Amino acid sequence: MASYSTTLLPIVLLSCSLVWLLLWIFVHPLRKIPGPFWARRTSLWKVYHVYRRDSAFAIQRAHEKYGPVIRIGPNHVNFQTRDAIGPIYKAGSSMPKTKFYDAFTALHPNLFSTRDEEFHKMRRRQMSHSFSMATLLKFEGRFGKHLHRLFSNIEQQPEGQVFDLKESVARYAYDVISDLAFEKDLNTQGNPEANELPPIPDHILIGTMYGMVESLLPYSIRIGNKLPIPSLQKLLQSRKLLSQKASEYVNSAIEDHKAGEKETLLDNLLEAKDPSTGAPLTPAEVSSEAFAFLVAGAHTTSATLGLLFYHLLHNRYAAEKLTEELNANVPLYNDGGKEISYSGLESKLPYTMACIKESFRITPVFTMPLPRLVTDPNGVDINGFHIPQGTAVSMISQALHHDPQFWGGDHDQYIPERWLEDAISFNEIMPFGIGHRACIGRNIASINILKVLCALWRNFEIIPVDKYEKLEINSLGVDEKKGPLLCTVRKRQM
Ligand code: HEM
């Protein structure tokens, strides 16, 4: 009897696998959509590339090989061309976020991670006033305080002293965002030895990895917590610490908050009311949103600045034209530049803005696929393919921004002029996402990036230690330059 079952079992398993494979090849509704062999069969393909830190590049390479519409998971289709933007990201609540985003919920669902469209609508309405340019310009002084510390730290560098510009701007971004989010002056810039930057990239890495196999959520998180894998436990520990810190900061800010005071995002959140019921946010909800500001706002801003400076320091022509424009339009820091307001600055500096846009294009940092769920029972038609209900559809900025059909054969080169000569609209790229779930913090990022660039480039000649350094990127959902950006500086006198 025993020998009978041992012969039967492998035959049954083999037959089941064969049937499954045949169904997969001949019946699966997405079978006609090409893609890497393993990606079409398992979501682990995406996890593997996040783990290797080459996630966005693996998807970009797959588009180069298989075309503009590819499968990057058994039930996940990724598009490269702009025709797909409308049906996916401008379709409103009929295309909600997928379960991928559950992996980013460390406290409670927040504006970024919620899949509940009604909740999102209410929360976005409560928060959008705080993120408007008019409101942000009222607390420009908050940005100024941290910018001044960044400027002074660099000014104090002895000539010829090598320092890591990427770390300096990361500390700036972290300080300014935590000030806006928690009203906490962490001053990591003032004490680099004592203050380690919090492990935001660890949180993003773990979120992206878990999210990539969304069908296993939330069980994968529960199982992951118990697996004795030291590197995984270290990442999970970092995430826990980060969310504990966020709650701690928010609780102390709530205690200190004075009604009517509106100087930061946090003040605005504490005063926010549900427009229909008049109910304020609970402390847990405020913590959750403030935590999202930190995760979605600090690392994205500093990674963008790090890459922008890399491009400028390794493209002499662009660097010279930028210097010329800033010298003609922005006073030196100690000569009035310190007080310069963001308002009106963009229109005075077209070349500078082209440099920033080109950096966003060539090296977008928010490169995780932004998956949306097809909910229409009839499915949708995108780029000539019928996509059935229940499928995840997405685009990644990295692939869109490097579509050779649109950007041409030189898409891999940093050429700010393309924004001026061809008068391309910023809407052709999606570094901040598109549609009703696009970045709410875009104005904060824009203020930070332009102000830091003006303050540093106008006042210092920044010299890279390695003029020929080849750019390498860690791509794990929010990307950054690999390794430091080592430089020396010389103060400009005029
Ligand atoms: C260069 C800096 C930044 C980049 C590249 C960036 C990028 C993005 C992208 C691509 C999305 C859309 C995600 C999606 O569709 O799934 C997003 C959403 C979001 N971002 Fe940003 N972001 C930046 C800065 C900030 C800042 C400074 C904050 C806040 C302080 C912030 C808060 C958020 C939030 C809360 C959402 C969710 C919005 C919603 O679903 O309504 N971001 N961001």
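The values are calculated or read from the model by the stated rules, or taken from the named source; none is laboratory data. None of the values given here were measured: they were computed from a predicted structure. Reconstructed Cβ throughout: ideal geometry from the backbone, glycine too, with neighbour counts over all protein chains shown. These area figures cover heavy atoms from the full protein model, side chains too; ligands, DNA and RNA do not enter into them. Shrake-Rupley method; radii C 1.70, N 1.55, O 1.52, S 1.80 Å.
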Practice problem: Could you give me the residue pairs with C-beta distances under 8 Å whose first residue belongs to region 312-331 and is within 22 Å of LEU486 (Cα to Cα) and crowded, with 20+ Cβ neighbours inside 10 Å, whose second residue is aromatic (Phe, Trp, Tyr) and modelled with pLDDT of 95 or more wherever it lies, and which are 6+ apart or on separate chains? | Solution: LEU312/TRP457; ALA318/TYR414; LEU322/TYR351; LEU322/TRP457
Practice problem: Could you tell me whether ARG61 is out of contact with any His (no Cβ under 8 Å at 6 or more places or on another chain), part of a helix (DSSP H, G or I) and either surrounded by fewer than 19 Cβ atoms within 10 Å (Cβ to Cβ) or modelled with pLDDT of 95 or more (or both)? | Solution: yes
Practice problem: Kindly indicate which of THR135, THR114 is within 13 Å of the ligand (Cβ to nearest atom), assigned to a loop (DSSP other than H, G, I, E, B) and of a type in the set (Val, Ile, Thr). | Solution: THR114
Quiz item: With MET127, MET95 as the choices, which residue is within 12 Å of the ligand (Cβ to nearest atom) and either acidic (Asp, Glu) or more than 20 Å from the chain's Cα centre (by Cα) (or both)?
Solution: MET95
Exercise. Considering only residues that are open to solvent by less than 20 Å² (accessible area, probe 1.4 Å) and within 13 Å of SER287 (Cα to Cα), look in region 94-123 and name the one that is modelled with the highest pLDDT.
Key: LEU111
Practice problem: Tell me which of these LYS245 doesn't satisfy, since it passes every other one: (1) at pLDDT below 80; (2) of a type outside the set (Ser, Thr, Tyr); (3) under 15 Å from ILE200 (Cα atoms). | Solution: (1)
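Yes or no, residue by residue, for (1) part of a helix (DSSP H, G or I); (2) among the aliphatic types (A, V, I, L, M); (3) modelled with pLDDT of 85 or more:
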residue	(1), (2), (3)
ILE254	yes, yes, no
ALA259	no, yes, no
ASP267	yes, no, no
GLU285	yes, no, yes
GLU289	yes, no, yes
ALA318	yes, yes, yes
GLU346	yes, no, yes
Quiz prompt | Whichever residue in region 440-453 is open to solvent by less than 10 Å² (accessible area, probe 1.4 Å) and more than 16 Å from LEU265 (Cα to Cα) and, among such residues, is nearest to the ligand (Cβ to nearest atom) | solution = ILE449
Exercise. Run down VAL374, VAL365 and say which single residue is crowded, with 21+ Cβ neighbours inside 10 Å and within 12 Å of the ligand (Cβ to nearest atom).
Key: VAL365
Quiz item: Restricting to region 266-297, what's the tally of residues that are without any contact (Cβ under 8 Å) to a residue 24 or more places away in the chain and under 16 Å from TYR249 (Cα atoms)?
Solution: 2
Quiz item: Regarding GLY409, is this residue away from the ligand (no atom under 11 Å from the Cβ) and among the small types (Gly, Ala, Ser)?
Solution: yes
Exercise. Only one of these is polar (S, T, N, Q) and in contact with an Asp or Glu (Cβ under 7 Å, 6 or more places away or on another chain): THR81, THR105. Name it.
Key: THR81
